[in-house]
Amino acid sequence: MRHVIVPAAAVLVTLAPAAPAVAGPHHQPQKVPVAEGYGGAVATVDLDASKAAVDVLKRGGNAVDAAVAAGAVLGVTEPYSAGLAGGGFIVYYDAQRRKVHTIDGREAAPRAMTATSLEGIPFEEAVTSGLSAGVPGAVAQWDLALRRFGTMSLKQALQPAVTVASRGFVVDQTFHDQTAQNAARFKDFTSTAKLYLPNGAPPPVGSVFRNPELAATYRELGRRGTGWLYGGELGKEVVATVKRPPVAPGATRNVRPGLMELRDLRDYRALLREPTRSGYKGLTVYGMAPPSSGGSTVGEALNILDALPETGVHEYLEASRLAFADRNAYVGDVPGVPLKELLSDGFAKERACLVGDRAIAHPAAPGSPDGSYETCPAPQGTAAETTAEGPETTHLVVADRWGNVVAYNLTIESTGGNGIVVPGRGFLLNNELTDFTFGPAPGDPNLPAPGKRPRSSMAPTLVFDHGRPVMALGSPGGSTIITTVLQILVNRYEFGMSLPEALAAPRATQRNTAQTQAEQGFLDRYEQELEARGHDLVLNPEIGAATALEFLRGDRVQAVAEPSRRGGGSALVVRQRR
């Protein structure tokens, strides 16, 4: 018998429903986590972003147009997770050409950064500094996506965000709580305190939050084009903020200046890359290649599960443990990442033979993806720890009437980025460079270097069945993104859950760490069983905040967001199912 991660019947009682929207002058309908219908669909964490995407689809825009519009709106309503000074990864299926593309908009290190630039600096101190700010990639990514695959101009795609920033949005509990969690560092920067701590405190739940400075920035960006940021006047303001953070009088925080120069912005390019590709239960799974570790790690773990005689909760955790050991050893923005071998069936079988009745001793050592595979060799490599990553980021999915599909992860890294708002511009800088390994760590593929992009765990994913897309999914959550995506796929295709059940089910995450983190519902069901098999489980109250969509029979599409995690998400379709 196969084990199941959570019985389908238990899903509805494990997680509370999303809280109703707050009443007020800008009252909006309650967010709905599942929608089913025709003509296109979207799922994001935010109702304003989902509405912007659906409006674009209804006006004849395609999935790329809608994804960019929604991403820009999230920079307004989810400013602690996304924004124009951040970056991200897009995995896109072009239905006309029947081809999967990916766009790398990952932030980059400035030329002046070296392998020792972060060495010896406490992590939290590095986060809230100019030193953590990477060269932003979001705007270049939006521009490339629209020019290559969209039908709208950047100015048109930014207009919904201009509208939301101007008119404001209702502050919900999540926005209030995230502001409060950051208040101690936000008050240490004059520009950030002015924007996000009006009257010296977080905006209250139910109030309307407006950001006219960001509205003006988006409007000017649409008028002037990307050169305004990448080498122009806005770029100069970003560099000045990075190099001379606007520390408030009397603040005692040690805020290090950054290394970014205008030439770093001028040299930045968003890049088209080949997607990763792996098989699972007869399906084809496409993901993001390095500098993301999402595609390779999800793909390897699925291959390991495919090589095992049965799959249960224990096997899911062990496959993830082994894939993370290999991720940490081999994947980064470096030449020669052995992607083909990491995703090969031979390597998966070699790794799968290590999965037994009991948990593998911590830490699992990496394997040898060298193309020569034995029945069950002893691992030879040295294990590397999973480096700290911010828990935030956000993810959205869009499908249009023509069958184009987008899975898009976007981020500014930690909740609130580096905590520094560019004065007068209404947006936070990222702290993406803290995704690098701080060192010393000789041979680590994720050490910083000039122009290098830090390794990411973002894992926007598309699933195909006989050449046709059947699912798109992804999540925020730092390195738990990988396990969240993996667990949803296992829930859906191994354990037969519906997509809403697969998202709502309690989660656990094993990333080659001493302890397996798990949500309470997972602990209630599996802690005793797994501890008897050698696992050490610890509570993590909330893991991930996924969005997904699935194509059903008769041209129907089902969009799915979280019912409660991070306040619940918003799923919409162009035409409701009758």
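Here are the numbers:
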read-out	value
Any hit, the range 135-148, residues being open to solvent by 50 Å² or more (accessible area, probe 1.4 Å), closer than 30 Å to ALA399 by Cα and either among the charged types (D, E, K, R) or modelled with pLDDT of 95 or more (or both)	yes
Subset of the range 392-403 (residues that are surrounded by fewer than 24 Cβ atoms within 10 Å (Cβ to Cβ) and at pLDDT 95 or above)	ARG401, TRP402, GLY403
Subset of the range 228-243 (residues that are free of Cβ contacts under 8 Å to residues at least 60 places away in the same chain and in a loop (DSSP other than H, G, I, E, B))	GLY231, GLY232
Residue within the range 201-218 that is part of a strand (DSSP E or B) and surrounded by fewer than 17 Cβ atoms within 10 Å (Cβ to Cβ) present	yes
Members of the range 128-159 that are within 17 Å of VAL238 (Cα to Cα) and part of a helix (DSSP H, G or I)	GLY130, LEU131, SER132, ALA138, VAL139, ALA140
Residue list for the range 428-443, filter: open to solvent by less than 30 Å² (accessible area, probe 1.4 Å), farther than 28 Å from LYS194 by Cβ and of a type outside the set (A, V, I, L, M, F, W, C)	ASP435, THR437, GLY439
3 or more residues open to solvent by 30 Å² or more (accessible area, probe 1.4 Å): qualifying strands (runs of 3 or more DSSP E) within the range 497-578	570-576
Qualifying residue in the range 295-312 (condition: touching a Ser or Thr at 6+ places or on another chain (Cβ under 6 Å) and either surrounded by fewer than 24 Cβ atoms within 10 Å (Cβ to Cβ) or over 26 Å from ILE103 (Cα atoms) (or both))	yes
Subset tally (residues that are outside any strand (DSSP E or B), within 26 Å of THR437 (Cβ to Cβ) and open to solvent by less than 10 Å² (accessible area, probe 1.4 Å)) for the range 84-119	8
Breaking point among (1) farther than 27 Å from GLU562 by Cβ; (2) surrounded by fewer than 21 Cβ atoms within 10 Å (Cβ to Cβ), for VAL162	(2)
Pairs, first among the basic types (Lys, Arg) in the range 392-410, second open to solvent by less than 10 Å² (accessible area, probe 1.4 Å), C-beta under 7 Å, six or more apart	ARG401/GLY40
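Residue-wise test of (1) of a type in the set (Asp, Glu); (2) at pLDDT 95 or above; (3) more than 26 Å from GLY417 (Cα to Cα); (4) crowded, with 17+ Cβ neighbours inside 10 Å.
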| residue | (1), (2), (3), (4) |
| --- | --- |
| HIS3 | no, no, yes, no |
| VAL11 | no, no, yes, yes |
| ASN62 | no, yes, yes, yes |
| ASP65 | yes, yes, no, yes |
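The values are calculated or read from the model by the stated rules, or taken from the named source; none is laboratory data. Just so you know, these numbers come straight off a predicted model, no measurement behind them. Please note: Cβ atoms are built from the backbone with ideal geometry, for glycine as well, and neighbour counts cover all protein chains shown. The protein model used for the area step is the full one, side chains on, heavy atoms only, and it has no ligands, DNA or RNA in it. Shrake-Rupley method; radii C 1.70, N 1.55, O 1.52, S 1.80 Å.
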